[in-house]
Structures are given as C-alpha cells and as structure tokens.
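Enquirer: One structure follows; several queries about it will come next.
The values are calculated or read from the model by the stated rules, or taken from the named source; none is laboratory data. Predicted model only: the values in this text are computed from it and were never measured. Cβ placement follows ideal geometry from the backbone for every residue including glycine, while neighbour counts extend to all protein chains displayed. SASA here: full protein model, heavy atoms, side chains in, ligands and nucleic acids out. Shrake-Rupley method; radii C 1.70, N 1.55, O 1.52, S 1.80 Å.
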Amino acid sequence: FSALTAAGALDFEDGLRLVSIRAQAMQKACETAPGTMAAVLALPTEKIEEICKEVSSKGTSGIVIPANYNCEGQVVISGDTAAVEEACIRLKEAGAKRALMLPVGGAFHSPLMEPAREELAEGIRKATFRTPLCPVYQNVTALPSTDPDEMKSNLLAQLTAPVLWTQTV
C-alpha cells in the first residue's frame, strides 16, 4: 500500500483507509480460522516447500505453506497451528538450524486469511486507483505493474499468498 501511494496509484487517504480495512478484516479472519507462523533458518527453500506440501497433503493437521520468502536461508511458514508445529519438527529433522514458532495472532499470507477477502475487496472497489508514476513491484507476483486492475487483484491475492520478497529483490 505504501508503494502504491508513493507511486501515485492511490492517494494517501485511500491508502490509509485500505490498510485499516485490511488489518481489521485480517483480525476477524484470525478469530474465524486461528493459525500461526514459524521462522525457518538455514534450510534450502525447496526443502521447506517440499515439507510444507507433504504435511498439508496428509490433511490430518491442516495446511502449512511458505508465507514469507525473506532471503535465502530464512523463510516463514504459516498455517494451522498443528500443521506448523508438525512442519517445524520435520524441518529440524531435515537439518534446519532453527524452526521457531512466532508470537503472532494468525496464519498471515496463507489460505486461512480467505475470510478477509470480501471486506478488503469492498474497500478496494471504493478506492480510486490510477496508473502509477512508475512501475510498482507487488510482493505477490515479484513483477512490475502499472495496470490499476492488476494492482487491485494483487492486493487481494496477497492476503492468502506468500510474500515473495527474495524474488522481488
């Protein structure tokens, strides 16, 4: 939201309003679908993705996905608490230096944030988006965009999709 505002795609007031709507909607989603996150250190990204997929595919403890690709060797996972805990055990067994549960209120950037979509979508519909002064890289795609409709769609996708920080940089 700050990048879209700085690039002129959103005015400051709409940016603030959307950040507030998003925060409130995500808080409600946390209450509807509780979950958590964990930081994984010193394990190849591909191995983290593989273990998350294996834990999620079992279906017994819920879903867990990579949620933040912060840098090579540091990925945050997110999902149902039991699935994140199981993944942490498996990630440590696979050689992770650490798999540390984070003191957060929800499973951010995961499918558990889906209940927040409608409220944010309504806020986005009411906001005025313009073509930005320069391309804006949104973390959900790690690609530049100048298309207001694409930027709106990406803001919604970011609720339930990983933050591709490493790929963006």
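Enquirer: Along the positive direction of the dipole of the chain (beta-carbon charges: Lys, Arg +1; Asp, Glu -1; about the Cα centre), which of CYS134, LEU100, THR60 reaches farthest?
Expert: Toward the positive end, the furthest listed residue is LEU100.
Enquirer: If you don't mind, there's one more thing I want to ask. Output wanted: per-residue J couplings in Hz (rounded whole) for the range 64-75, from phi through Karplus 6.51 cos²θ - 1.76 cosθ + 1.60, θ = phi - 60°, x for Gly and Pro.
Expert: Going residue by residue, I get 8, 9, x, 10, 9, 8, 7, 5, 4, x, 8, 10 Hz, with x marking Gly and Pro.
Enquirer: Here are some pairs, LYS28/LYS97; LYS53/LYS92; LYS53/LYS152; LYS47/LYS152; LYS28/LYS53; which of them have Cα atoms lying more than 24 Å apart in this structure?
Expert: In this structure, LYS28/LYS97; LYS53/LYS152; LYS47/LYS152; LYS28/LYS53 exceed 24 Å between Cα atoms.
Enquirer: Around LEU156, what is the net charge, scoring Lys/Arg as +1 and Asp/Glu as -1 over all other residues with Cβ under 15 Å from its Cβ?
Expert: -2
Enquirer: OK, next. How large a share of the accessible area of the range 30-169, in percent, is made up of carbon and sulfur atoms when the probe is 1.4 Å and the other protein chains stay in place?
Expert: Working: 3880 of 6810 Å².
Carbon plus sulfur share of accessible area: 57 percent.
Enquirer: Let me ask something additional. Report the relative contact order of the range 40-139, percent, no decimals, based on alpha-carbon pairs under 8 angstrom and at least 6 residues apart.
Expert: 26
Enquirer: Place a point 7 Å from Cα of GLU122 in the direction of its Cβ. Which residues in the range 1-42 have their backbone N less than 16 Å from it?
Expert: Of the residues in the range 1-42, 17-29 have backbone N under 16 Å from the label point off GLU122.
Enquirer: When Rg is the radius of gyration of the Cα atoms in the chain and Rh is its Kirkwood radius, what does Rg/Rh come to?
Expert: Details: Rg = 16.7 Å, Rh = 16.5 Å.
Rg/Rh: 1.01.
Enquirer: Would you work out the charge dipole size for the chain about its Cα centre, treating the Cβ of every Lys and Arg as +1 and the Cβ of every Asp and Glu as -1, and quote it to the nearest 20 debye? Mind showing how you got there, number by number?
Expert: Working: 15 positive and 20 negative charges, 47 e Å.
Taking the Cα centre of the chain as origin, the dipole is about 220 debye.
Enquirer: Right, another one. If Lys and Arg each add +1 and Asp and Glu each add -1, what is the summed charge of the other residues whose beta carbon sits under 10 Å from the beta carbon of VAL40?
Expert: +4
Enquirer: Counting each DSSP H run of 4 or more residues in the chain as -39500 (n - 2.57), what helix-only mean residue ellipticity at 222 nm follows after dividing by all residues, to the nearest 500 deg cm²/dmol?
Expert: Working: 7 runs with 77 residues, N = 169.
Estimated from H runs of four or more residues: -14000 deg cm²/dmol.
Enquirer: Still on this structure: When Lys and Arg each count +1 and Asp and Glu each count -1, what net charge do the other residues less than 12 Å away from ALA121, Cβ to Cβ, add up to? Walk me through the numbers on the way to the answer.
Expert: Values: positive: ARG22, ARG117, ARG125, LYS126, LYS152; negative: GLU114, GLU118, GLU119, GLU122.
Here the charged neighbours net out to +1.
Enquirer: May I pose another question? Can you list the residues of the range 123-138 with backbone N under 17 Å from a point 7 Å past the Cα of SER2, pointing along Cα to Cβ?
Expert: Correct set: 136-138.
Enquirer: Ok, one more. At what distance in nm do the modelled label points of PHE12 and ALA42 sit from each other, each positioned 7 Å from its Cα along Cα→Cβ?
Expert: For PHE12 paired with ALA42, the spin-label model returns 4.6 nm.
Enquirer: Once phi is turned into ³J(HN,Hα) by the Karplus curve 6.51 cos²θ - 1.76 cosθ + 1.60 with θ = phi - 60°, what whole-Hz value does each residue of the range 104-120 show in order, with x for glycine and proline?
Expert: 10, x, x, 9, 5, 6, 9, x, 5, 8, 3, x, 7, 4, 4, 4, 5
Enquirer: Can you give me the distance in nm between label points at GLN167 and VAL19, each placed 7 Å from the Cα along the Cα-to-Cβ direction?
Expert: Placing both labels 7 Å beyond Cα along the Cβ direction yields 2.6 nm.
Enquirer: Given an 8 Å cut-off on Cα distances and at least 6 residues of separation, report the relative contact order of the chain as a percent. Write out the running numbers ahead of the final one.
Expert: On the way: 349 pairs, mean separation 48.5, N = 169.
In percent, rounded to a whole number, it is 29.
Enquirer: Now a separate question. Any idea what log10 I(q)/I(0) is at q = 0.14, 0.18 Å⁻¹ for the range 1-71, Debye with uniform C-alpha scatterers and no solvent?
Expert: Debye curve over Cα of the range 1-71, log10 I(q)/I(0) at q = 0.14, 0.18 Å⁻¹: -0.70, -0.88.
Enquirer: Quick one: length gained pulling GLU72 to LEU133 fully straight, 0.36 nm per residue minus the C-alpha distance?
Expert: Gain on stretching GLU72 to LEU133: 18.8 nm.
Enquirer: Moving on. Write down the accessible area per residue of the chain in Å², having rolled a 1.4 Å probe over the full set of protein chains.
Expert: Working: 8280 Å² over 169 residues.
Result: 49 Å² of accessible area for each residue.
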